[in-house]
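Nothing in this text is a laboratory measurement; each read-out follows from the coordinates by a stated rule. Everything quoted here is computed from the prediction, not taken from an experiment. Reconstructed Cβ throughout: ideal geometry from the backbone, glycine too, with neighbour counts over all protein chains shown.
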Amino acid sequence: MGDTQRPAKKAAKSRPKPASTNEPQFVQLLSPEGGRVKHPDYDIDLTDEEYRGLYRDLVITRELDAQGTALQRQGQLGLWPSLLGQEAAQIGSGRALKPQDTVFPAYRELGVQWCRGIDLISAFALFRGTDLGGRDTVADRFNMYAIVIASQTLHAAGYAMGVAMDGAVGTEDGEAVIVYHGDGATSEGDFNEALVWAGVFNSPLVFFCQNNQYAISETNARQFRLPPYRRAEGFGVPGIFVDGNDVLATYAVTRDALDRARRGEGPSLIEAYTYRMQPHTTSDDATRYRDEAELDFWRAKDPIVRYRKWLAAEGLADEAYFAEIDTEAGEQVRALRARVMALTDPEVTEMFDNVYAEMPAGIAAQRAEAVELQASLEDGSDPR
Amino acid sequence: MTTMSMIKGLNEGLRRVLEDQPKSLVMGEDVGRLGGVFRVTDGLQKDFGADRIIDTPLAESGIIGTAIGLAMRGYRPICEIQFDGFVYPAFDQLVSQLAKIPNRSGGRVRLPVVVRIPYGGGIGAIEHHSESPEAYFAHTAGLKVVTCSNPADAYWMIQQAAAGDDPVVFFEPKRRYHAKGEVDTENPGLGLYRARTLREGRTATLIAYGPTVDVAENAAKAAAEEGLDLEVVDLRSLSPIDWEPLFASVRKTGRAVVVHEAPGNVGIGAEVAARLTEECFYSLEAPVLRVTGYDVPYPASRLEDDYLPNLDRVLDAVDRSLEH
């Protein structure tokens, strides 16, 4: 998979072989050992506070996510899709966003949601089944989780067209749109159509592919012969390959891609090479398709361990700070857990009320019937 | 009153939407420079610009999916799917996205998207250009499904569909595209989701929509010569169905025949028959009958006259009803 004929671009020079035990070459600013790596095209210059903030985000996100798994095991959630291992991809890209930017997530983007300051309870309500994850997504600039793989890429492409039509691009303060998807999504037609759209309309859209190596049980080898960041070039969209377990690198490349989008320079695709440490969801059994050696390989590349080492070595944070964050994470977890447990079942009317802006008479009649039936069951009378 | 074709009615209706609604857009394959393969959008790009009359890439899922995103951004897209048989690549975006996102959002996000689809047979077209897929969409909560049968309805219904905040799948009977009719451009008359009784009668009720309205009316005229007094109702809206005029009609006539081009199996006619049976059981003198396309793929065009409900099949059904 030599890449020697590609013009010099802000992208990696080669590609790992499908087996995850090969060392991929990608944009990396922080090695797995916690050493700072120089890159010819990308750099990062945050304040000490911001560097510490990324650590806080990484740790709290990991702990809240672990609580999702725990709540599912305790029967409090129907399902939980863990992001364990993908924290750096989500926090780096999420923190690169500006307030005016809009996010189209898939369904594992708890970390991005955290970065956007949006109440995480919506994700837990969705997986508890107390609602469908509804929020005012327009005001939040963070859309609902998309369960149908790649469906959201087209919504993002359309929204980004609208941003450009509104004249909201072309300056350093322009708006950009980012859509999150996985490696499996790249096989879907919608993903490829979205790239066509973003390309031909030169939309301010960043595709952020978290290549976590697995679409449930299927590896990259069953999804593509040419990796997504290289396929993007075929759509006339720059592709960037980044170490998805390096929070500094994901921040740097996403900031750059978003800035190009907001300036009116069009779409990009970032492939963040990372790893899904947990099964696909709590319903999956990953031992059927991968082994402990592979997990060990990726444990050695843990995004938080390396970042913590670097912060300590640079003198940006000390043990006291790390302990403080652990304490805060514990508090966040307890608070969230209490709120999740307090989520009550919705009223029966909930399923009828929001289907249409203008409710048809037939649904109104069915709503009345359901209410009457429920009331009769509660008071023991027969509705007839 | 002005006389115009259905194509002109749609074109003029769209023109009014674009004038009245600055956020409205027309998007689809060939809708801009060409004016659409049926010329429904003829001249619109010249008058409203390429940013509002958008020639899209050739990808139906992309058309609906990006329309959803545009609607999230505050736009009001009116999409064209070039032919009925080409809508299926967009099925997920229509059924799982457009229909469900407003509900998933708890009513906080509305998607005012209209999806125009020329449908039905009778024009001698090749495969995939003559289908009647309306039942798929009428079956999906979150979508509204309507169909016009004449130029006046075309003119007003497209405007009414574009004015609401719910997604509407708008079926246009392509074999009626060139038929002319009177259009009152001042008075909208009936609401979008209302059925219309086109002809009063006491013998039996013919229930039709879109391209078969004309078939039913001709059947009623022919029957009149034989002394049969048929009522004709144009459903206009397939989801929701405006039931009261149907119930009132069947309570009067005691007999009903539903006519549509789509296959009968699990079609609109089955729903109409079931509801009429539930609501008008003691008024019915005969089972509700259906005259529909056969339960086979749309045939090669040289056979379409045998496939499509026609005057003879409708009158046969009326006779069978009267035999009870």
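What FRET efficiency comes out for B:R33 versus B:A163 if R0 is 35 angstrom and r is the Cβ-Cβ distance? Round to the nearest 0.05. Numbers along the way, then the final one.
Values: r = 27 Å, r/R0 = 0.78.
That gives a FRET efficiency of 0.80.
Assign one of three labels to chain B, namely rounded, prolate or oblate, based on the Cα gyration tensor with a ≥ b ≥ c the square roots of its eigenvalues; rounded applies when a/c is under 1.5, prolate when it is not and a/b is larger than b/c, and oblate otherwise. In terms of gyration-tensor shape, prolate. Within 10 Å of the Cβ of each residue in B:49-56, the mean number of Cβ atoms contributed by other protein chains is 2. Can you list the residues of segment B:1-36 with backbone N under 11 Å from a point 7 Å past the Cα of B:N187, pointing along Cα to Cβ? Output list for this probe position: B:1. Each residue, A:I216 and B:R194, gets one label point 7 Å from its Cα in the Cβ direction; the gap between the two is 5.0 nm.
Which of the three applies to segment A:46-197, rounded, prolate or oblate, going by the alpha-carbon gyration tensor with a ≥ b ≥ c and a/c under 1.5 meaning rounded?
Values: a/c = 1.82, a/b = 1.26, b/c = 1.45.
Here segment A:46-197 falls in the oblate category.
Between amide H atoms placed 1.01 Å from N, distances below 5 Å from A:L97 occur with no residue 5 or more places distant or on a separate chain. A simple spin-label model places the labels of B:D312 and A:V371 5.4 nm from each other, with each point 7 Å out along Cα-to-Cβ. By the beta-carbon count within 10 Å of each Cβ, the least crowded to most crowded order of B:K8, B:K221, fewest first, is B:K221, B:K8. Note on B:E225 and B:R302: with the Förster distance fixed at 22 Å, the Cβ-Cβ geometry gives a FRET efficiency of about 0.10.
When only C-alpha pairs under 8 Å and at least 6 residues apart count, what is the relative contact order of segment B:2-183, in percent?
On the way: 389 pairs, mean separation 50.2, N = 182.
About 28 percent, as a whole number.
With a Förster radius of 60 Å applied to the C-beta separation of B:L322 and A:R299, the computed FRET efficiency comes to 0.15.
Here segment A:160-191 and segment A:342-362 have alpha carbon centers that stand 31 Å from each other. Most simply put, the protein assembly as shown has about 15% antiparallel DSSP beta bridges, counting only bridges with both residues inside it. Remark: A:M165, B:M6 ranked as A:M165, B:M6, counting other beta-carbon atoms within 10 Å and listing the fewest first. Each residue of segment B:128-142 was assigned a 3J(HN,Hα) from its phi angle through the Karplus expression (A = 6.51, B = -1.76, C = 1.60, θ = phi - 60°), giving 6, 10, 9, 8, 10, x, 4, 5, 4, 7, 5, 6, 9, 5, x Hz with x at Gly and Pro.
Can you sort A:H155, B:H139, B:H324, A:H39 by how many other beta carbons sit within 10 Å, fewest first? Working shown, then result.
Values: A:H155 31, B:H139 14, B:H324 11, A:H39 17.
Taking fewest neighbouring Cβ atoms as first place, the list is B:H324, B:H139, A:H39, A:H155.
Rounded, prolate or oblate: which fits segment A:48-341 when a ≥ b ≥ c are the square roots of the eigenvalues of the alpha-carbon gyration tensor, with rounded for a/c under 1.5 and prolate only if a/b beats b/c? Verdict is rounded for segment A:48-341. Residue by residue, segment A:46-53 carries 3J(HN,Hα) couplings of 9, 6, 4, 4, 5, 4, 5, x Hz when phi is fed to the Karplus relation 6.51 cos²θ - 1.76 cosθ + 1.60 (θ = phi - 60°); x denotes Gly or Pro. Highest mobility in the GNM of chain A, judged by mean-square fluctuation with C-alpha springs under 10 Å and restricted to A:L316, A:L77, A:L373, is found for A:L373.
Only one residue of B:A273, B:A71, A:L97 has its Cα farthest out toward the positive end of the dipole of the protein assembly as shown, where Lys and Arg carry +1 and Asp and Glu -1 on Cβ, and that residue is A:L97. What does DSSP give for segment A:48-341 in terms of the percent of beta bridges that are antiparallel, rounded to the nearest 5? Approximately 5 percent, going by the DSSP bridge assignments.
Around A:A329, what is the net charge, scoring Lys/Arg as +1 and Asp/Glu as -1 over all other residues with Cβ under 15 Å from its Cβ? Can you show the working numbers first?
Values: positive: A:R52, A:R56, A:R62, A:R308, A:R334, A:R337; negative: A:D57, A:E63, A:D65, A:E87, A:E324, A:D326, A:E328, A:E331.
Within the 15 Å Cβ shell, the charges total -2.
Candidates A:T219, A:A338, A:G174 compared by Cα position along the dipole of chain A: farthest toward the positive end lies A:T219, with charges placed on Cβ.
Pick from B:G201, B:G120, B:G106: which is most flexible by mean-square fluctuation in a GNM of chain B where alpha carbon atoms under 10 Å apart are linked? Of B:G201, B:G120, B:G106, the most mobile in the Gaussian network model is B:G106.
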